[in-house]
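Comments concern the structure below.
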Amino acid sequence: MQIPENLRYSSDHEWALVEGNRVRVGITDYAQDALGDVVFVDLPSVGAEVAIGGVIGEVESTKSVSEIYAPVAGVVVAVNDEAASTPDALNSDPYGSGWLCEIEISDPAALEALLDAAAYKDLTDH
Amino acid sequence: MTTELKRTALYDLHVDLGAKIVEFGGWDMPLSYGTGTVAEHRACREGAVIFDVSHLGTVEVRGADAYELLQTALTNDLAKVSPGRAQYTHLLDEEASVLDDIIVWWRGEDSFDVMPNASNTSRVIDAIGGVDVTSSRCVLAVQGPKAKELVARVSPEAAAIGRFRVEAITIDGTPCVVAGTGYTGEDGLEIAIPNEAAPALFSRLVEAGVIPAGLGARDTLRLEAGLPLHGHELGAGITPLQAGLGWVVGWDKPAFRGREALLVEREQGPRRLLRGFKGLGRQPLRDHGVITAGGGVVGETTSGNFSPMLECGIALGFVDTDAQIQNGAPVSIEVRGRSVDAVVEPFPFWPPKER
């Protein structure tokens, strides 16, 4: 199970790549493995305002569906249309080409609430 | 309280092969292996896959009265076939609801192997008697356009068995029963083999190039092929006529359970019919989705998923006959409270029809 050191994580199995006040969001390796083959991704709209823990989309496999929760609050400034047309990227490259959206955050302090790689590893080990 | 789940004799091999195991009908079964459901699905359409379907029941019905027992209990007419053939058939209740759908392997004159769905085995024994031998054998389903070519590397004799034929042969000295049947819409074989010899045969077929596939792919394959699943397209309150399976009914037989009710329905015409639906996008359609057309509710889906070959959502569902919905008509199908655009599409969805 890959858990890159440079990312932050939510307990809902999303990752966050923080670059200034822009946060790129996706689902973790653990989440994609639990879901199985992802065949459909429902992404938020650019410009949508999101609250922490708010539903921003859905990821669906042949066997189940999982909601995507915003790990941070802010405004959606980009979505990965490629992931919508080739959802298997979420399985093959969850931390790379399988990213879902980018959120511009208003309160960088909120990032402190996210888990680091070690804490997320602890979560998935149990 | 938890109930102990049953395991097939292939369980340890599945785990060694990297299977994700799930509970299904009281059994611990492989959902998928390392490459995942979609890859297993495509492997079955393009090459060959192998499923462990040992959780399906086998009931041996033997004796001079066996033929008559089956003829009066089950819908299809054995007189249309002969020993050495397999036949798809239904067990109905008096109201013509489908209690189970069954494959009968007619082994020899007075000898039948009746194969119900896992959870319906006791209903079938109640209706026709026989001996449940499910726990003594495994059933391997090898399916796909290359299934027979790859089986031939292990057993040319098995590979020579034709569609809906049944033969008792030996594979590596082990007595097996092989039938040209399956549940994927592809050519293939189902091999019943004693438990102790099953892991070796499964492994040899995998070494020959057959890809192991789990229940996830089995379900998407049968849905794409428009094949009914009991508990979804068949079950309480659903008749063979509503499911579009009138061909399973031996109308010329003087008696079988449910015949009177079915004759009435044939006379009046079924009040609803099973139809196919194709989503306009990739979103998987799901079961229990309300179907609306022209502003009104016309039916409900019974199964739905993503079609790996068509790369769109597909579903089966019952539509009221009165609604007079035509193929190609636009409909909305509810998925988790939201409406998804779809069209009525004749099934099987795969192979695609000539345009």
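Suppose R0 equals 35 Å. What FRET efficiency, 1/(1 + (r/R0)^6) with r the Cβ-Cβ distance, do residue B:62 and residue B:321 give to the nearest 0.05? Don't skip to the end; give the middle numbers.
Working: r = 42 Å, r/R0 = 1.21.
FRET efficiency, residue B:62 to residue B:321: 0.25.
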**Asked** How far apart, in nm, are the 7 Å Cα→Cβ label points at residue B:170 and residue A:19?
**Response** 6.8 nm
**Relative contact order %, chain A, counting alpha carbon pairs below 8 Å whose residues are six or more apart** = 31 percent
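Chain B: percent of C-alpha pairs farther apart than 26 Å? Show your work: numbers first, answer last.
Working: 32344 of 62835 pairs.
Tail of P(r) above 26 Å: 51 percent of Cα pairs.
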**Prompt:** For the pair residue B:255 and residue A:124, how long in nm is the line joining their label points, each one 7 Å along Cα→Cβ?
**Reply:** 6.4 nm
**Message:** What does the charge count around residue A:20 come to, taking other residues whose C-beta lies under 13 Å from its C-beta (Lys +1, Arg +1, Asp -1, Glu -1)?
**Reply:** -1
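Pairs of Cα atoms under 8 Å, at least six residues apart: use those to get the relative contact order of chain B, whole percent.
Numbers: 834 pairs, mean separation 61.3, N = 355.
Reported relative contact order: 17 percent.
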**Asked** Charges only on Cβ, +1 for Lys and Arg, -1 for Asp and Glu: so what's the dipole of the protein assembly as shown about the Cα centre, in debye to the nearest 20?
**Response** 1340 debye
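Only loop residues by DSSP count here, and only those with at most 13 other Cβ atoms within 10 Å; note down the trypsin sites (Lys or Arg not before Pro) in the stretch B:223-287 that meet that. Mind showing how you got there, number by number?
Values: sites: B:257, B:259, B:266, B:271, B:272, B:275, B:278, B:282, B:286; in loops: B:257, B:271, B:282, B:286.
Counting only loop positions with at most 13 other Cβ atoms within 10 Å, the trypsin sites (Lys or Arg not before Pro) in the stretch B:223-287 are B:271.
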**Request:** Please report, in debye to the nearest 20, how large the charge dipole of the stretch B:68-183 is about its Cα centre when each Lys and Arg carries +1 at its beta carbon and each Asp and Glu carries -1 there.
**Result:** 700 debye
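Compute the normalised compactness of the stretch B:271-355: alpha-carbon radius of gyration over 2.2 N^0.38 Å, N being the residue count.
Details: Rg = 11.6 Å, N = 85, 2.2 N^0.38 = 11.9 Å.
Against the compact-globule rule of thumb, the ratio is 0.98.
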**Amide N of the stretch B:59-101 lying under 13 Å from the label point, which is placed 7 angstrom from the Cα of residue B:264 along Cα→Cβ** = B:94-97
**Message:** Only four residue types carry charge here, +1 at the Cβ of Lys and Arg and -1 at the Cβ of Asp and Glu. Report the dipole size of chain B about the Cα centre in Debye, rounded to the nearest 20.
**Reply:** 880 debye
**Request:** Please report the Cα spread of chain A along all three principal axes, rounded to whole Å, starting with the longest.
**Result:** 37, 34, 21
**Message:** I'd like to know which of B:306, B:330, B:279 lies farthest towards the positive end of the charge dipole of the stretch B:271-355, counting +1 on Cβ of Lys and Arg and -1 on Cβ of Asp and Glu.
**Reply:** B:306
**Fill in**
Rounded to whole Å², per residue accessible area for the stretch B:1-85 with a 1.4 Å probe reads 44 Å²
**Prompt:** Which distance in Å, rounded to a whole number, links the C-alpha centroids of the stretch B:272-306 and the stretch B:51-124?
**Reply:** 31 Å
**Message:** Let me see the P(r) profile for the protein assembly as shown: every Cα-Cα distance counted, bins of 10 Å, each bin given as a percent of all pairs.
**Reply:** 4, 18, 25, 24, 16, 8, 3, 1, 0
**Prompt:** Measuring from centroid to centroid over Cα atoms, what is the spacing of the stretch A:21-89 and the stretch B:174-221 in Å?
**Reply:** 37 Å
**Item:** Segment residue B:136-residue B:7, extension gain: residue separation times 0.36 nm, minus the distance between their alpha carbons
**Value:** 45.3 nm
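The values are calculated or read from the model by the stated rules, or taken from the named source; none is laboratory data. Model, not experiment: these values are computed from the prediction. When we count neighbours, we look across all protein chains shown, and the Cβ atoms used for this are built from the backbone with ideal geometry, even at glycine. The protein model used for the area step is the full one, side chains on, heavy atoms only, and it has no ligands, DNA or RNA in it. Shrake-Rupley method; radii C 1.70, N 1.55, O 1.52, S 1.80 Å.
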